[in-house]
Structures are given as structure tokens and as C-alpha cells.
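K.L.:
Have a look at this one before I ask anything.
The values are calculated or read from the model by the stated rules, or taken from the named source; none is laboratory data. Predicted, not measured: the structure shown is a model, and the values here were computed from it. Reconstructed Cβ throughout: ideal geometry from the backbone, glycine too, with neighbour counts over all protein chains shown. Surface areas here come from the heavy atoms of the whole protein model, side chains and all, with no ligands, DNA or RNA. Shrake-Rupley method; radii C 1.70, N 1.55, O 1.52, S 1.80 Å.
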Amino acid sequence: MTQARNPLAGAFNTPHESIPFDKIKPEHYEPAIEDGIHQWKKEIARITDNPLPATFENTVVALDRSGMFLQHATAAFYAVLNAEANEQIMEIAPHISGKLSDCQNDVYLNEALFARIKAVYDQRESLHLSVEDAKLLKETFDAFVNNGVNLSAEGKTEFRRLSAELSQLTVLFQQNTLKDLNRYELLITDDKDLSGLPENIREAAAISGKEKGGWLFTLKAPSYRPFMQYADNRALREQMYRAYSTIGNKNDEFDNKQILTSIVNTRMKIAQLLGYKNFADYELKDKMAKNSENVYRLLNQLLDAYKPLAINEYNAICGFAAGLEKSNITVMPWDWSYYSEKLKDIRFDVNDEMTRPYFELGRVTKEIFGLATELYGITFLESRKIPVYHPEVKTYEVYDENGRFLSLLYTDFFPREGKQSGAWMDNVLPQYKDKNGKDHRPHVMIVMNFPRPTETKPSLLSFDEVNTFLHEFGHALHGMLTQTTYRSLSGTNVVQDFVELPSQIMENWLREEGFLDRIAVHYQTGEKIPAEMVQKLIDAARFNAGYQCCRQVSFGLLDMAWYTLTEPFDGSVADFEREAWKRALVLPEADNVLFCSNFNHIFSGGYCAGYYGYKWSEVLDADAFSVFKSNGIFNKEVAKSFRDNILSRGGTEDPNVLYRRFRGQEPAIDALLARDGIKK
């Protein structure tokens, strides 16, 4: 395909050189990526063929600045694959993934290239590099070692085979999950089965089911979550729960059990090929945690602190349910959200349907942007000139306190057929400085699955959905505020157990009266949320904190169990799951369900041997926010310190050093325990 015909080829003639999503068709991606691979290999050849001795600039920096065209093409493809995929996109995804895997191996197993990098690395003590330059050199050297460059010829061949296999497996796991989720529908034709469901949920279901003559519910979050919270029909709640908990586990064309087994075994083989006992050892060595012993130490510490509270919470829900139903009832997983919501409503006199009118998406967006303006001086200007991949996507030009362009921000809020579930942030194009010193600013995307507007109401969010918005926006700030030289170290390119700090710290503002008073305004009356309701929300934020913590720990234990295996796994996935997380479980386990078969985070996402990072970062975020609490939650000096030491630094320095520089001391778990009411 010629450059003139492919909108991904050459420079983008668009505002801020943004990706021309509106002109790209599915058939453009693969040729553009193939072209990018070809160009990158030519750039690598220029580095290896350089007759001059290897230097930091002509080898390490040159490598960081290479492959830009390929990065643009792949960024465009994966943005669409995750948020707006169709059959054609999903069909080419495994081919593209395989080619990218082969290309990465060609680079990282290139002995001539590594010889030049090693020559620079071996003289690192005498080069007097800056902190950032030294970090780039170490990261580059380690990346080659971690990707098998020191293996024998036979080892390199095996590494290529395994990594190509893994690439295909992870794509297939993710696609199976999405396809299986999308095919389930619950059509209700008797309005008696809608009992308990709020009006806005009924209205959304009526719109979805209009052509089918009823109310349609799906497993997508805006439909599934409120159904499980409010539907009085216990049998239908169980049906929905079982449908969700068997995604990828139906022994059909979308079954993921054998795929996840192959993923785990392949990662184990890669780690052992590189000289590690298991994949966790390989993955953790460069993280803040350093090893699996430290991960388990944190998870066990949390279990010791939170499990007794979680058991009390479960017993309270059981007692409440028995009283409500006037009979003994075993609270099962499909009952938990339902009875918890009712008890929370009684105990705190607040629930999602009371607060939704105060969290209209447009207002929430404005005030979350406003929080960033107050803390960091940045402003957001919506632009309709930036090409997008779907009409619902909005774009904003972000400017710093001096009016300089800082970033592009894409927002994509509503569920669609071709969109993955959940929420995420993506560095579409990274920040970096080119050889002439020009600062190329980042293009950042945040993607959600919020309730759609209906014919009578705008999109109204639950308290948890606002929390999700703040979380992903924190990742976006990490991407937008970065000020680094090298793209491989910019933005969220940090170790996994540090990356959640900038996102999770933003959630703290939602527990603060000073911010709630701004963000929560009734969409019809324009009245601010009543002060007593603000206090109720703050008080209710700790509700079931024990259960929530144990739930996250259970996921961390499950992740670590899979990736500390030292022998190939060929047993029952269900039995393994049951054993791996049993000591963190609070609710009774249902039969014939499986969580692992749709656990994208650890099988097809970037959290393999890293899910503990959410809790690790939660210790950091509670500890860090205590500085804001002590000095004022809108304190600009504290915000500047957090920006200068955390948000702007990317991966340019050891995160332990960055955190101590901001905090003035090592992080401690005390602030988290105090926030959750475990410790006074």
C-alpha cells in the first residue's frame, strides 16, 4: 500500500500531529505496521553499522529515538482494538501481535546491537551521566538481558518460539472474554421481574430491549452492576452472576481454561529459560517489591488487619438479610451487593440512587478538570478539530499555567459492542524531546463504561463510577504532566507497583467535603449536595472496607499462585483457583463458576505477577495523601511537590527515591489503616 493511500504513513497533517483516526480503515493497519517494522529495522542497522565507537548518544539514545513510525501505527491500532473493535479488527489482531513479537525479538536478540550497548554500559562509571541518562542506560541494558540476548543460539530460538506463542495466546484470551461477554442477554418481559430496580436502570433497559419487546440487561458494567445491587428477584440475580462468572468457561469456542494454562506455562518456561525459578522472580526483580516474599508479606499483613473486620461485615449482612426475609438465608455472591446496598442505605441513609442526580457526567468532568486546574494550574479546552475513532469520543487541548500546550486528552465514556469492559488509561503518543530539543507533548486517552444518557436523563454516575473517573484521570495526569527527555521513561512508563500511586491518590478527594461540595450538584435543580448527605457519603466510604480489601488480596494471591509455579500446570483450573485464594475469601463459593477464565488483568493485560501492585500503591497513596490532609487538600505547595517529584518524573529515577523525596520518609501502612478505620 503506497504512502499516499495509507493515512498512517508519513507525518500526520492534523492538529498537534494527532492520529488521523477518522481516515483509518481496518485494512490500513497491517501494511502500516509492516512498514513501521521495516523502517525500525533500517534504523537499528544504522546504529549497528556505525563505524564510530559506541557512545551513549550514538547507541543508547539513538535506540530510544528509533521506531517512532511503528509506535504511531501500533498506538492507533491498539486504541481501536480495545475500544472500538469489529470482526475485521479482531481477525487481524493475532497477525499483528505475532509480527510485533517477532520484531521485538529481532531487536532484543540482536547481538551486534547489544555489543554496542554493553560497551557503553561497561564504562558507565566513567561517563558521568545525569540521573536520567544513567536510568535510560540501565533500563536499556536490562531490557536486552531480560529478553534473552545472552542465551545460546538454541536458547534464542526457543525464546522466539515461546514469546510468539505467548503473544498469540494473550490476544485470543482477551478476544474470547469480550465475545463471550457480548453474547449474553437477559430479556425481561414481565415487569414484576423489574421489582427493586431504579427508574433510570429500567429506562436504559427499555431502550436496549425496545426491538425485542422487553427490558434488556447485559453483562456490561452499567447494566450488570445495578442489576446485582437492586433487583429483588433472587433467581435472576443468581442467573446474572453465573453468566458473568462463567465468561470464558463454557467448554465451547470461547473457553479460556486451556488458553490461560498455556499462558501460565509459557511465561514459566520463558522465566526458566532466562535462569529464574519462576515467572514471579523474573517479573519482580526490578519492581519496588523486589521479590515474592515481600509481596506475600504485604498481602499477609493486610489479611491479618482486615480479615477479622471482613468476617464481621459478612455476619452483619447475613443477620440483616435474615431479618429482612424473616428466615435464615445464606448470603451468596449474588446476594452480597443487594443486601449490602440495603444495609448501607439504612445505616447511613445514603445510596447510589439518592446520589446519582448529583453526579451528572458533564458536571463531574468539569469539576475533575477543575481540581487539576486548582492543584496544578492546567486548563482544558475542548476541541472538535482532533480526529477521533468514534463520534462519542471527545478531545481536549490541555495547557499549562503559562498557556503552553501540554497534552491532548481523549475521553471515551460509554459502553459499545466492540469495547472491552472496565476502565483504562492509555498513553497513545508519549512525551519526549527530540535531538533538536523540541518537546513533543503526549496524547493521552481515558476510557470508561459509564451509563448512557436516556431519553429523559443525562448520564448520571454512581459514587463508585465517579471514583473510577478520578482513578483513570490520575493516570492521565501522570501521562500529561511528564517532563522527560526519553520516551521510554516518560509518563506512566514506571514500575508496576508504583504506577497506581498517581491514580489512586486522586480517589482520596472524593472522600473530602471540600471537593464533594464542588462536584456534586443536582442536575435538575442546580442545588449543591446537602451537607448532611456529604457527611453520609464520607461515613459510608468505609462501609465493607474489610471485605473490599480481602477481595483485592484474593486477586493478588491468585495472581501470585499462578506465577510462582515451578512446574508446568496440567490440572483443574477451578481446583487451583479454589486453593489459591481460599484464605482471603469471605463469601461462600458458588459451584460451577470460575474467575480466572476472564481475569484479563493477569492473563492478557500487564498485571501478571503484579496485581498486588494495587494494594502496594494503596499504601503509598494513603501515606502520600496524609501530606495533603495535614496541609490542606488544595495546597498548591504540596501539589507542586507531588508534581515535581512524582508526576513529572516518569521512570527517570528509582521510585523509592522519588517517593522519599516527596514524603521525606519511607511509606508506612498506618495511614491506610487509619483511612479505613482499622487503626485510630
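K.L.:
Just to confirm my filter: which helices (runs of 4 or more DSSP H) fall fully inside the stretch 232-310 and include at least 1 residues that are of a type in the set (A, V, I, L, M, F, W, C) and either modelled with pLDDT under 95 or touching a Lys or Arg at 6+ places or on another chain (Cβ under 7 Å) (or both)? Can you show your working first?
P.N.:
Numbers: elements: 234-244, 257-273, 279-284.
Answer list for the stretch 232-310: 279-284.
K.L.:
Output yes when any residue across the stretch 172-189 is in contact (Cβ under 8 Å) with a residue 40 or more places away in the chain, more than 30 Å from Asp255 (Cα to Cα), among the polar types (S, T, N, Q) and part of a helix (DSSP H, G or I), and no when none is.
P.N.:
Scanning the stretch 172-189 turns up no residue that is in contact (Cβ under 8 Å) with a residue 40 or more places away in the chain, more than 30 Å from Asp255 (Cα to Cα), among the polar types (S, T, N, Q) and part of a helix (DSSP H, G or I).
K.L.:
To continue, here is another question. How do the helices (runs of 4 or more DSSP H) wholly within the stretch 331-391 filter down when requiring 3 or more residues that are within 16 Å of Asn467 (Cα to Cα) and open to solvent by less than 10 Å² (accessible area, probe 1.4 Å): which remain? Show your work before the answer.
P.N.:
On the way: elements: 333-348, 352-355, 361-376.
Passing ranges, in order: 361-376.
K.L.:
Has the stretch 368-386 got any residue that is of a type in the set (Lys, Arg), out of contact with any Asp or Glu (no Cβ under 7 Å at 6 or more places or on another chain), modelled with pLDDT of 95 or more and more than 30 Å from Phe642 (Cβ to Cβ)? Explain how you work it out, then say what you get.
P.N.:
Going residue by residue through the stretch 368-386, those that are of a type in the set (Lys, Arg) are 384-385.
This time we only want the ones that are out of contact with any Asp or Glu (no Cβ under 7 Å at 6 or more places or on another chain), so: 384-385.
Next, from what is left, pick out any that are modelled with pLDDT of 95 or more: 384-385.
Still in the running and more than 30 Å from Phe642 (Cβ to Cβ): 384-385.
Within the stretch 368-386, one or more residues are of a type in the set (Lys, Arg), out of contact with any Asp or Glu (no Cβ under 7 Å at 6 or more places or on another chain), modelled with pLDDT of 95 or more and more than 30 Å from Phe642 (Cβ to Cβ).
K.L.:
List every residue pair whose Cβ atoms sit under 8 Å apart, with the two residues 6 or more apart in sequence or on different chains, where the first one lies in the stretch 203-219 and is within 22 Å of Ser421 (Cβ to Cβ) and modelled with pLDDT of 95 or more and the second, anywhere, is part of a helix (DSSP H, G or I) and open to solvent by 60 Å² or more (accessible area, probe 1.4 Å).
P.N.:
Trp215/Asp191; Trp215/Arg202; Trp215/Ser208; Leu216/Ser208; Phe217/Ser208; Thr218/Ser208; Leu219/Tyr244
K.L.:
Ok, one more. Can you pull out every residue in the stretch 589-610 that is open to solvent by 40 Å² or more (accessible area, probe 1.4 Å) and not in a loop (DSSP other than H, G, I, E, B)?
P.N.:
Selection gives His601 alone.
K.L.:
Residues to consider are Val388, Val364; find the one that is within 25 Å of Ile19 (Cβ to Cβ), touching a residue at least 40 places away in the same chain (Cβ under 8 Å) and under 24 Å from the mean Cα position of the chain (by Cα). Show your work before the answer.
P.N.:
Values: Val364 fails: within 25 Å of Ile19 (Cβ to Cβ).
Just a single option satisfies the conditions, and that option is Val388.
K.L.:
Could you tell me whether any residue of the stretch 5-15 is assigned to a helix (DSSP H, G or I) and surrounded by 13 or more Cβ atoms within 10 Å (Cβ to Cβ)?
P.N.:
First, pick out the residues of the stretch 5-15 that are assigned to a helix (DSSP H, G or I): 15.
Checking which are surrounded by 13 or more Cβ atoms within 10 Å (Cβ to Cβ) leaves us with 15.
Yes: the stretch 5-15 contains one or more residues that are assigned to a helix (DSSP H, G or I) and surrounded by 13 or more Cβ atoms within 10 Å (Cβ to Cβ).
K.L.:
While we're looking at this one, here's another question. Is it the case that some residue within the stretch 407-419 is closer than 19 Å to Gln504 by Cβ, open to solvent by less than 40 Å² (accessible area, probe 1.4 Å), among the small types (Gly, Ala, Ser) and not in a helix (DSSP H, G or I)?
P.N.:
So in the stretch 407-419, the residues closer than 19 Å to Gln504 by Cβ come out as none.
The answer is no, given that none of the residues of the stretch 407-419 is closer than 19 Å to Gln504 by Cβ, open to solvent by less than 40 Å² (accessible area, probe 1.4 Å), among the small types (Gly, Ala, Ser) and not in a helix (DSSP H, G or I).
K.L.:
So the check is Cβ under 8 Å with 6+ separation or different chains; which pairs have a first residue in the stretch 145-161 that's under 20 Å from Gly98 (Cα atoms) and a second one that's among the polar types (S, T, N, Q) and assigned to a loop (DSSP other than H, G, I, E, B)?
P.N.:
Here the result reads Val149/Asn110; Phe159/Asn147, each pair linking the stretch 145-161 to a residue that is among the polar types (S, T, N, Q) and assigned to a loop (DSSP other than H, G, I, E, B).
K.L.:
Spot the failing condition for Asp464; the list is (1) closer than 24 Å to Glu507 by Cβ; (2) open to solvent by 10 Å² or more (accessible area, probe 1.4 Å); (3) part of a loop (DSSP other than H, G, I, E, B), and only one is missed.
P.N.:
The one condition Asp464 does not meet is (3).
K.L.:
Quick one: in the stretch 420-439, of everything that is part of a loop (DSSP other than H, G, I, E, B) and of a type in the set (Lys, Arg), which residue is farthest from the chain's Cα centre (by Cα)? Quick ask: steps written out before the conclusion?
P.N.:
Quick first cut of the stretch 420-439, residues part of a loop (DSSP other than H, G, I, E, B) only: 420-423, 430-431, 434-438.
If we keep only those that are of a type in the set (Lys, Arg) as well, we get 435, 438.
Working: Lys435: 32, Lys438: 30 Å.
For the stretch 420-439, the residue satisfying everything is Lys435.
One line per residue, one yes/no per condition, for (1) touching a residue at least 24 places away in the same chain (Cβ under 8 Å); (2) more than 23 Å from Asp255 (Cα to Cα); (3) crowded, with 22+ Cβ neighbours inside 10 Å:
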| residue | (1), (2), (3) |
| --- | --- |
| Leu565 | yes, no, no |
| Gly571 | no, no, no |
| Asp575 | no, no, no |
| Trp581 | yes, no, yes |
| Leu587 | yes, yes, no |
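K.L.:
Here is a further query. Somewhere in the stretch 240-250, is a residue open to solvent by less than 50 Å² (accessible area, probe 1.4 Å) and more than 24 Å from Thr330 (Cβ to Cβ)? Break it down into steps so the answer makes sense when it comes.
P.N.:
Looking only at the stretch 240-250, we keep the residues that are open to solvent by less than 50 Å² (accessible area, probe 1.4 Å), and these are 240-241, 243, 245-249.
Those still in the list that are more than 24 Å from Thr330 (Cβ to Cβ) too: 247-248.
Within the stretch 240-250, one or more residues are open to solvent by less than 50 Å² (accessible area, probe 1.4 Å) and more than 24 Å from Thr330 (Cβ to Cβ).
K.L.:
Please state which one of Glu91, Glu125 is surrounded by fewer than 17 Cβ atoms within 10 Å (Cβ to Cβ), over 20 Å from Ile19 (Cβ atoms), of a type in the set (Asp, Glu) and more than 27 Å from the chain's Cα centre (by Cα).
P.N.:
Details: Glu91 fails: more than 27 Å from the chain's Cα centre (by Cα).
Step by step, each of Glu91, Glu125 is checked, and only Glu125 is surrounded by fewer than 17 Cβ atoms within 10 Å (Cβ to Cβ), over 20 Å from Ile19 (Cβ atoms), of a type in the set (Asp, Glu) and more than 27 Å from the chain's Cα centre (by Cα).
K.L.:
Still on this structure: Looking for something crowded, with 19+ Cβ neighbours inside 10 Å, more than 26 Å from Ile633 (Cα to Cα) and of a type in the set (D, E, K, R) - is there at least one such residue anywhere in the stretch 535-548?
P.N.:
No, the stretch 535-548 contains no residue that is crowded, with 19+ Cβ neighbours inside 10 Å, more than 26 Å from Ile633 (Cα to Cα) and of a type in the set (D, E, K, R).
K.L.:
So, one more: Residues being under 20 Å from Phe603 (Cα atoms), of a type in the set (A, V, I, L, M) and either touching a Ser or Thr at 6+ places or on another chain (Cβ under 9 Å) or surrounded by fewer than 21 Cβ atoms within 10 Å (Cβ to Cβ) (or both): count how many of those fall in the stretch 275-308.
P.N.:
Residues that pass the stated criteria total 2.
K.L.:
Here's a follow-up. On the given criteria, is Phe463 within 21 Å of Leu381 (Cβ to Cβ) and in contact with a helix residue (DSSP H, G or I) (Cβ under 7 Å, 6 or more places away or on another chain)?
P.N.:
Numbers: within 21 Å of Leu381 (Cβ to Cβ): no; in contact with a helix residue (DSSP H, G or I) (Cβ under 7 Å, 6 or more places away or on another chain): yes.
So Phe463 fails the test.
K.L.:
Does any residue in the stretch 508-525 that is without any contact (Cβ under 8 Å) to a residue 24 or more places away in the chain and more than 29 Å from Ala624 (Cα to Cα) come within less than 8 Å, Cβ to Cβ, of a residue that is surrounded by 18 or more Cβ atoms within 10 Å (Cβ to Cβ) and of a type in the set (Gly, Ala, Ser) six or more places away or on a different chain, and which pairs are these?
P.N.:
Final answer for the pair search is none.
K.L.:
Report yes if Leu381 is without any contact (Cβ under 8 Å) to a residue 60 or more places away in the chain and more than 29 Å from the chain's Cα centre (by Cα), otherwise no.
P.N.:
On the way: without any contact (Cβ under 8 Å) to a residue 60 or more places away in the chain: yes; more than 29 Å from the chain's Cα centre (by Cα): no.
For Leu381, the condition - without any contact (Cβ under 8 Å) to a residue 60 or more places away in the chain and more than 29 Å from the chain's Cα centre (by Cα) - is not met.
K.L.:
So which residues in the stretch 56-87 are open to solvent by less than 20 Å² (accessible area, probe 1.4 Å), within 30 Å of Ser130 (Cβ to Cβ), free of Cβ contacts under 8 Å to residues at least 40 places away in the same chain and part of a helix (DSSP H, G or I), if there are any at all?
P.N.:
Correct list: Leu70 only.
K.L.:
Right, something else. Can you confirm whether the stretch 643-651 contains a residue that is touching a Pro at 6+ places or on another chain (Cβ under 8 Å) and open to solvent by less than 40 Å² (accessible area, probe 1.4 Å)?
P.N.:
Filtering the stretch 643-651 for residues touching a Pro at 6+ places or on another chain (Cβ under 8 Å) gives 646-647.
Narrowing further to those that are open to solvent by less than 40 Å² (accessible area, probe 1.4 Å): 646-647.
Within the stretch 643-651, one or more residues are touching a Pro at 6+ places or on another chain (Cβ under 8 Å) and open to solvent by less than 40 Å² (accessible area, probe 1.4 Å).
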